[in-house]
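I have placed the structure first, in the form of structure tokens, so that the comments after it can refer back to it.
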Amino acid sequence: MANLASFHILFLVFITSGVAVSTTEFTLQNNCPYTVWPGTLTGNGGNTLGDGGYQLNPGASVQLRAPPGWTGRFWARTGCNFDSSGHGNCVTGDCGGVLKCAGAGGVPPVTLAE
């Protein structure tokens, strides 16, 4: 009888693990010898990963977890200068003159990952 109980528990584990929801993790790494400011936008009104933008120093990386069904884009901004309130501009990939992009994509020249 113990074998039958073990089978039911094992079967339940397989069933519940099949419906588990998982996230996707993106790793953004700066391999450039200069600082970049990744910009992020969501494409479906969901969570904006990385608060929309941040500074990424040379050799640094960041992991961003996207919820199931997330869509969006990432791009690197260069030559940026922001004040303490997050206002400024970037030479490439600017998104409305702010550190944390909100609704504005990267202004060309820019390469997007979607």
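For (1) at pLDDT below 95; (2) more than 16 Å from Ala113 (Cα to Cα); (3) of a type in the set (Val, Ile, Thr), each residue gets a yes or a no:
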| site | (1), (2), (3) |
| --- | --- |
| Leu41 | yes, no, no |
| Leu56 | no, yes, no |
| Thr71 | yes, no, yes |
| Thr92 | yes, no, yes |
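Scan the stretch 34-66 for residues that are under 15 Å from Val98 (Cα atoms), within 8 Å of the chain's Cα centre (by Cα) and assigned to a strand (DSSP E or B) and report the count.
Looking only at that region, the number is 1.
Count, please, the residues in the stretch 54-95 that happen to be under 18 Å from Thr27 (Cβ atoms), of a type in the set (Ser, Thr, Tyr) and open to solvent by less than 50 Å² (accessible area, probe 1.4 Å).
1
The values are calculated or read from the model by the stated rules, or taken from the named source; none is laboratory data. Being a predicted model, the structure only gives us computed values, none of them experimental. Positions of Cβ are backbone-derived with ideal geometry, glycine not excepted, and every protein chain shown enters the neighbour counts. Note: areas computed on protein heavy atoms with side chains; ligands, DNA, RNA excluded. Shrake-Rupley method; radii C 1.70, N 1.55, O 1.52, S 1.80 Å.
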